[in-house]
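K.L.:
Supplied in structure tokens, the structure appears directly below.
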Amino acid sequence: MQPIFDFFFQQYSDYPTLYIVLEIIAVIFGFLSVWYSKQENILVYPTGIISTAIFVYLLWQWELLGDMMINVYYFTMSIYGWYVWTRKVDAVHFIPITKTTKKEHFWSLLIFIATLAFTFGVYEYFDKWNNWTAYVDTFTTGIFFVGMWLMARKKLENWIYWMVGDLISVPLYFYKGLTFTSFQYFLFTIIVFYGYRTWKKSLSSGGHVVS
């Protein structure tokens, strides 16, 4: 058992205890946020805000700029999404789940390209092109920016972007030495699959997910 434990957690041997505890807390709240998103529950946003705020601090300490920017964006979009999800289309009904329109697909592409350009500029400015992970970070940042924007607008296709980004992030974060975060993205991948099915069923029935 010891070799297996060392394989997954040896990288934490030099980490301050505070960082390890904060990462675990952030992972727990991140898991809750994705779970609440699957249930179309407004708690997706307060739990997400706690998780992303902690990750912003940790990723800044670890100088993982691309990942940090993703979480800054998550934090900001969580506030926007919180507002959108609590808006009512009439006296009774809240904003429903819908499919992404052609116009929104176009905006998604623009967001993706703009994110790539911005992330590239940040890495260039701070001279962070010292590892192949920087190029993957740039790509996943664009994917997650689009996914978060679509989720805030309650678009079914947001789950597809999350699926792609999560699958890439599982080995990526493990390589970076963040095993707990890698496990988080592994669990996210599973939840995202069911989240898509749940939202699609809700969309087909014209109703909402029961929390």
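K.L.:
Does segment 12-32 contain at least one residue that is modelled with pLDDT under 90, not in a helix (DSSP H, G or I) and not hydroxyl-bearing (Ser, Thr, Tyr)?
P.N.:
There is at least one residue in segment 12-32 that is modelled with pLDDT under 90, not in a helix (DSSP H, G or I) and not hydroxyl-bearing (Ser, Thr, Tyr).
K.L.:
I'd like to check something: does segment 191-210 contain any residue that is among the aromatic types (Phe, Trp, Tyr), at pLDDT 90 or above and surrounded by 19 or more Cβ atoms within 10 Å (Cβ to Cβ)?
P.N.:
yes
K.L.:
So if I check each of 119, 115, 100, which one is at negative phi, assigned to a loop (DSSP other than H, G, I, E, B) and within 20 Å of the chain's Cα centre (by Cα)?
P.N.:
Residue meeting the stated conditions: 100.
K.L.:
Here's another thing I want to ask about it. Here are some residues: 56, 44. Which one is surrounded by 18 or more Cβ atoms within 10 Å (Cβ to Cβ), touching a Leu at 6+ places or on another chain (Cβ under 9 Å) and modelled with pLDDT of 80 or more?
P.N.:
Going through 56, 44 in turn, just one is surrounded by 18 or more Cβ atoms within 10 Å (Cβ to Cβ), touching a Leu at 6+ places or on another chain (Cβ under 9 Å) and modelled with pLDDT of 80 or more: 44.
The values are calculated or read from the model by the stated rules, or taken from the named source; none is laboratory data. For clarity, every value in this text was computed on a predicted model and none was experimentally measured. A quick note on method: Cβ atoms are made from the backbone with ideal geometry, for glycine too, and the neighbour counts reach across all protein chains shown.
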